[in-house]
Structures are given as structure tokens and as C-alpha cells.
Amino acid sequence: MIAGTNTIYIDGQEIPFTPGQTVMDAALAASVYIPHLCHYPGLPPSGNCRLCMVETGGRNVAACIAQAAAGQEIRNNTPELNAARMAITQMLFVEGNHICPSCEKTGNCKLQAMAYHLGMLDQHFSQFYQHRDIDASHPDIALDRSRCILCDLCVRASRDIDRKNVFAIAGRGIDAHLIVNSASGKLADTPIAATDLAATICPVGAILIKEQGYRVPIGQRIYDRRTICETGLQEHIAQQRRDQ
Amino acid sequence: METREHLLHRLQAIQRQFRHIPPQAMQQAATDYQLPLSQVAAVVAFYSFFSTQPRGRFDILFSNCTSCGYLVEGENLLQILCRQLQTVPGKTRADDLVSIDETSCIGMCDHGASMLVNGIPITGLNLEKLARIAQRVTDAIPVQHWPVEWFAIVDTVHRRDLLLAKHPVPGSALRQAFSQGAGETLAIIRRSGLRGRGGAGFDTGKKWQLSRDTSGNTRYVVCNADEGEPGTFKDRLLLHEYAEELFEGMTLCAFIIGATQGFIYLRGEYRYLLPQLQSALKRRRSRGLLGARILKQRNFDFDIAIVVGAGAYICGEESALIESLEGKPGIPRIRPPFPVTHGYLGQPTVVNNVETFIAAAHITVHGADWFKAAGTTASAGTKILSVSGDCGKPGIYEYPFGVTIRQVLDDCAAVAAQAVQIGGPSGALLGPAAFDRTLAFDDVSTGGSVLVFGQQHDLLTIHRNFARFFAHESCGFCTPCRVGTQLLQNTLDNIAAGRGATADIEELQQLGKIVQRQSHCGLGHTAANHVLDSLRQFPQVFPNRMRSPFTARFDLDQALASTRRITRQNDAAAHLDQHK
């Protein structure tokens, strides 16, 4: 069979795309999972987490920002790429202060789910133990920067969907951190609401809604029931908004 | 054209006036520029030369480069000055008199240890000069009353070729271009084989052609004068003595692509060059070489504005530079689209190195064959090198492409070099076995930095310096670079402290590959080169420090430091006896 001109190949599998789509868009549409943390269909891609790195033409590109091109041969689910993905996940674990057993997000956390998906058994690198500020000023929303992975999802959600521009990332290198767009720098002084996409899109336990801790018992949470490669194929901002 | 002051300039003025950026000034800037406060705060946090805590009235920043850094013959000049002025690095003295810290390479590598005092460079530091500086700071003598000769920066050119031998008559390239037309001028540039001098080597004529062929309302010409690669200082010479040719080359590019506005993005460390660059621009305007109807051409208006950076190596990456021009943190964009089609304000933008524009001006005057006669087939013309480190004649050398490393080392009087770093920390580390290789785009490519390391130099110290540089300069956008550069630094520091295990060799290899292959931009792609090069060529550098196959990766006593801080107990009982 001769493939159409608008076809890419991911690990040998033929995948159609429409011009303008990224490799990630085409893969998700064809139910092919490429690991990702900072990407959420419906929001503009960022390309910062680097979990979705795939190999094409001898180099590695981030699937969420690379344009699909006719005939492109892409390697995705390979031992080398998955090893790199695990190292990157371990980097995120040691950079922040992640406390899975006592984190309210456990079972609903994408970082944790990614670690399970990749078969991560330890953090490998030495922990950075960075001091990071907590913001508990808002009546309904808590911000614990210790668990932030700088994925920029809340920044984009607040800017592009909520239209409130509550968050930004500031600082360079390992000093990069989430900041809040108010004179006091506190969440309480922003228009953010618990129903905003920015308040609920956090893949980890950095932004938590207050007063609902453990409403869903551990064992019955998202990734207790399904794997991240299943849920990752079905996410879309429009769906997320309906669920709210 | 924008008439409002650039956001970076506003913030620089505030920093100078208040010695920091106070919250209300950020708020005011956000209001005036109609930006979210968080964007102004992100800009302030991104650039090294802005601070949110007051710096001293004498704000001293030592360069920490291997060539113009503060470690000189076993002495730590930064620590010495701190002791003399009774202060500690990174903290402003209680009476606000002085703050002392370090900064990435300030481009004074041919002048030995150097510092910026309130933004102005002082070179050739030694113990005697340091004592005199300390005295003046103590006596609170304003910097403008310090000896004038301390601030003189002499450019030493040891070899001149196509670009440095003679200055073309100002306006001659433009006259030539106007008489033969934009199309023919571009054809000549293309025929010359000119490639970008920043190091990446993209075909300059092709870049200009692409921009010319792209539809867009406005086009921009941008000169990348943000030479932040440690060991590079050739643009310092070019901006100082060859600015006419630079402006001419930019104007030429504008004529070819149809731009009316140009920018020079000048690194903050070279702010001292700003007044003379401004007056040179003014002189060109008065001669009809810039501004409206250049040389009475009816349809050609073009002017150049200078934007001064604020201490961020990443802004040498062209899309980060454009972000910075737009008043944002310098985070590299997603590419494609490339600046040539979607650059400044989303418009077609040509970004070239200082040297590239100068070469284009010369090519227009002298022709493509004149240029191609020098260099090699794939690398036409000459390359201007900044040579520093362990050599008798540091300075500027212009060679035809294809020159061997050995030739350069001989000419600069380097005796028995154990290694050279070509292209700065992001380039290639090469040992004697590679000294017969040539400098060319298809062999060893360089933006101009040549760092020579003699036998007395400990390579592990060099690696730690480079690793620290990248960790400090990583923009923090992507995980492998943000965390990986820090992990590389930590691993090398551990090895140097005698806490490395043989497994760390494999660790460096793996980590290096991840940073190199998975990062978002050129900074990450090249940040581990020096370590990977060394593992191949100098494998003994790392295991030499290792005591056994297994060593604890952390210092147990050091790990208790935070406990001691919290409990406010620091007596013998709060320490482990490591020797038991």
C-alpha cells in the first residue's frame, strides 16, 4: 500500500496528519501515546518538559512542537528514548521536593504516574532540597512551589483560557520559579477562582484546591484505575471544562 | 519606529538610580508599558544585572572566566578584596558602601583578571591594584575620579587580514550597492560564500534572500553584539574600531531585504562602548549614511537603534535575543519558524553577527572573488579569533579559514599547551593530537574564542568552571538543561572534593548525552561538550581524584548544616567526627 502524502510513521506505524499538525497532535489523534507532562491538547504547546522527545532524521525533537512532515520516520517507544525520559523524570523529582506518600495529589499526579509508566524505581540523582515558598493566602487555592515542575500549564491556562494572566515563570536556570501576578505576589490578591482552568490543570501537587483533601480515597484515584498512557490519549481542554 | 524607551533601558536606569529595582518601580513600569506586573518581575529576575535587593554604592562584579577571572596564580582576588573591604561575596555591606560578587566572562580575556565597577570594566587586576581599589572604595571616592588609565582598554591585534587590514571609505559599499542594485548585490554576497561568523555558519546570502522573499509588513535587521561566549572579545575590537563597517553592513542588508529599522543588541558588559557607538551613528546620520533617504536614494530610509542587554549569555541565541529586544526574558523560541520569517514582532528579521555584517560590507566593495580567494572551499574568507589563556601573546588574530590550531598556538606563543578550547565552553576541547586540525566550518568551527590551557592548568578545575557557567546561564525553560547543567556541576564538584566514585564517570557520560540530545536550544545542546570531549581525550582527568570504587556521594557532616542552622547549635556536639 502506498501511503498518502500526509502520512508520518511512528515506530513503523502509519499515521495520517493534516498540514499544520504537530507530531504530538497526529499521534494523539491516532491513539498513539507519546509520554508528555507539559502538553495539554487545547492549549498552545510549550516544549519545556522534554518527555515527548522523539527521534527523527538522526536527531531528537519534542513531538509537541515539531511539525509533522510527509513521510517522516519517527522513533518513539524505544529503550534509549524511554531511558532518557526516565532520567528527565528523575531530574524533576530531585529538583523539587516531592513527597508522594503525604501529598494530596498522590494517585492523581502525572509526575508520579509517569514514573510508574517508565518503571522508575529510584530518584537516581541526589536531591537538591531547594527552599521554595508556599502561598496559602487564597481561601480556596494553595500553592506549594516545592512540587512545581515548571510545566507552564497554569501560566497558559490562565492567560489563554481563563484570560486572567495570574501566573508567570521567573528566574533563570535552577532559580526558575512560579510567580503570581499581583503587587503582593500572593494568590489572594489575584482574580483566580477555584473553578478556573489554571487552578485545576496542575499535573502535580503544586496548585491544590483547599477543603477537598482525600475526598476520593487513595486506591480509587485516576492513576489507581488507569495508566497515564490511557488517560493521556483522551485529554482535551474542552473535556476538562465540561468535567468542571 | 518605537519612540518609547526600551523596557531594559528603563530598568537599567532604575537599577542605577536606586541600586536595585524596588517593587513600586516595577509596578510603575508595568503601568507605563501596559504589561502584566509578572512580566516585568520576570524580566527583572531573568537578567543578572538587575537585583531586587539594594547593591552597594560601589557594585563590583569580578569576571569568573578562565581567562579574565579572579583566580590568578593560586590567589583568589575576589576573596582578597572581600577581606580588605570586610564583606562577603553576594551580600551588600551593612553600610551600603560596597557589594562584591562574580559574573560570567566580561570579554576582557586578553587583559587578565578583570571586574566591572558600577558597570565599567577595570582590567589587569593584581594584588597591588586591588589594594588601591579597596582604598578608594573605603574613602568613597567616586569611580569617575579613579585613575583614568585603569579604564583604558587597549585592543592588541597581532594579525590582520581581509577585514582588519584596511577600512573601506564610509558609504563606499552603499554607493556600490545603489549603482548595481539590490538583486545584484545580493548575488555577489551569495557568490562570496559568506557564512555566519557567530559559529553556526548559516549561509548569509541565503538568509538575506529568505528574508527578502518572505512577505511581511516590516522587516528588521538585527546585529547580534551579545558576544558572551567566554574567551570571545573580537566584537569588542570591532565595535570599538570598526563600527563604521558594521553600520555599513547593516544598512546594506536593509537595502537588500527592504528594512527600515535596525537594532544592535549590545551586551551589557560592553555598555562602556555605548557613547562612542551613539556618536558614530550620529555622525553617519549627519553624513546622509543613515536616516531618511540615505545618500539621496528616494526610496531608502533606514536607521539603527542600540539596545543594551543586562547580563544573560542566552541572549546570544538569536531567538532569545529577539525575545529580549521585545522586552521579555531571553527564552529561546520554538523554531521553526525561524527569525528570518518570524522574528522581531513576528516580522521577517535578519540576525547576524558583528563580523558577518562587516564582511558583507567588504565583499560589496571588493567583490566575491576577493573574499573567496582567502579560506577554503566550504569556508570562504577569514575568521577573527580572540586568543587568550596560557600564551605569550593574547589578543586578536585574523586568519584565513583553514589555518591549523598548531599555527595559531605558535603565533600566540603558547608553550606546550596541554589543550585548547576552540569556540569557548560551548565549543570543542582539543588535545595535542588534534592540533593539526583546521579552523573551518567543516572541521573545527568557532565563533572566535580560543582558550589555551598550559600544562600547569588542572583540567578538572576548567570543567568545573565551564559547568558552573552553563548552570548559571541556563534560561531554565527546559528540564534537561535546567536540571542537567546543575547536576553536571554537582557531579564535577563532588569528584573534585574527593567524593567521586568510579560510577561517576559513567554518570557524566550519560548525563552529558541527555543534556546534549534532549535540550531545547543550542545552550543545552553544547553545555556538556567539554565534559564529553574530555572523557574521550583526557580520561585520566576524572578518576585521578577518586579514592575507591565506592565513596559516599555526600558529606555527612555538611548534610547536617541545615539542622545546625535551625537548632542554632554549632558546637562540637553538632558535628560528626569524620575521622573516626
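Annotations for the structure displayed:
- Taking a ≥ b ≥ c as the square roots of the Cα gyration tensor eigenvalues, region B:460-545 comes out prolate, since a/c reaches at least 1.5 and a/b is larger than b/c.
- Calculated Rg and Dmax of region B:90-230 using C-alpha coordinates, Å: 22.8, 65
- Using a probe of 1.4 angstrom and keeping all protein chains present, the accessible surface of region B:7-46 works out to 42 square angstrom per residue.
- The value obtained for region B:58-154, namely the Cα convex hull volume divided by the number of residues, is 87 Å³ per residue.
- Working from the Cα coordinates of region A:7-77, the gyration tensor eigenvalues give, after taking √(5λ), semi-axes of 17, 13, 11 Å in decreasing order.
- Segment B:TRP370-B:ALA13, extension gain: residue separation times 0.36 nm, minus the distance between their alpha carbons: 124.0 nm
- Shown here for region B:387-478: trypsin sites (Lys or Arg not before Pro) in loop regions (DSSP other than H, G, I, E, B) with at most 15 other Cβ atoms within 10 Å, namely B:ARG437.
- Potential extension, B:ALA573-B:ILE120 segment - 0.36 nm per residue separation minus Cα distance: 158.3 nm
- About its Cα centre, the dipole of the protein assembly as shown is roughly 1100 debye, where the only charges are +1 on Lys and Arg Cβ and -1 on Asp and Glu Cβ.
- Cα-only radius of gyration and Dmax that characterise region A:118-176, units Å: 14.4, 40
- Across region B:113-121, rounded Karplus estimates of 3J(HN,Hα) from the backbone phi angles (6.51 cos²θ - 1.76 cosθ + 1.60, θ = phi - 60°) give 3, 9, 9, 10, 10, 6, x, 9, x Hz, Gly and Pro being marked x.
- Per DSSP, loop GluC sites (Glu not before Pro) in region B:1-76 with at most 14 further Cβ within 10 Å: B:GLU2, B:GLU5, B:GLU73
- Taking the square roots of five times each eigenvalue of the Cα gyration tensor of chain A, the equivalent ellipsoid has semi-axes of 31, 20, 17 Å, listed largest first.
- When the Cα gyration tensor is reduced to axis lengths a ≥ b ≥ c, the ratio a/c is 1.5 or higher for region B:297-357, and with a/b above b/c it is classed as prolate.
- With the highest mean first, a sort of the peptides A:61-70, B:46-55 on other beta-carbon atoms found within 10 angstrom per residue produces A:61-70, B:46-55.
- Options B:SER534, B:MET546, B:LEU576, ranked by Cα towards positive dipole end of region B:469-580, top entry (Cβ charges): B:LEU576
- Calculated translational diffusion coefficient of region B:309-441 (37 °C, 0.692 mPa s; Stokes-Einstein with Kirkwood radius over alpha-carbon pairs) equals 190 µm²/s.
- Computed from the alpha carbon positions, the gyration tensor of chain B leads to an equivalent ellipsoid with semi-axes of 40, 29, 23 Å, biggest first.
- Debye equation applied to the C-alpha atoms of region B:387-492, log10 I(q)/I(0) at 0.15 Å⁻¹: -0.67
- Using distinct alpha-carbon pairs, which all enter the 1/r mean, Kirkwood radius of region B:7-46 in Å: 9.8 Å
- Descending Cα extents along the principal axes, region B:1-96, whole Å: 51, 31, 21
- Percent of alpha-carbon pairs separated by more than 17 Å within region B:416-457: 23 percent
- Where a label projected 7 Å from the Cα of B:HIS167 along Cα→Cβ would reach, residues of region B:355-369 with amide N under 18 Å: B:355, B:357-363, B:365-366
- The alpha carbons of the protein assembly as shown occupy a box of 80, 75, 56 Å along the principal axes, longest dimension given first.
- Long-range amide H partners of A:MET53 with built H, under 5 Å: A:ALA63
- Alpha-carbon geometry of region B:183-314: the Rg and the Dmax are 15.0, 44 Å, given in that order.
- Here the average projected area of the convex hull drawn through the C-alpha atoms of region A:14-141 stands at 9.9 nm².
- For chain A, the list of Cys residues with no other Cys C-beta under 4.7 Å reads A:CYS52, A:CYS64, A:CYS100, A:CYS103, A:CYS109, A:CYS148, A:CYS154, A:CYS202, A:CYS229.
- For region B:360-454, chymotrypsin sites (Phe, Trp or Tyr not before Pro) are listed when DSSP marks them as loop and at most 14 other Cβ atoms sit within 10 Å of their Cβ; the list is empty.
- Distance (nanometres) between label positions extended 7 Å along Cα→Cβ at B:ARG4 and B:THR31: 1.4 nm
The values are calculated or read from the model by the stated rules, or taken from the named source; none is laboratory data. In this text, all values refer to a predicted model and were calculated from it rather than measured experimentally. With ideal geometry, Cβ positions are generated from the backbone for all residues, glycine too; neighbour counts draw on all protein chains shown. Accessible surface areas use protein heavy atoms only, side chains included; no ligands, DNA or RNA. Shrake-Rupley method; radii C 1.70, N 1.55, O 1.52, S 1.80 Å.
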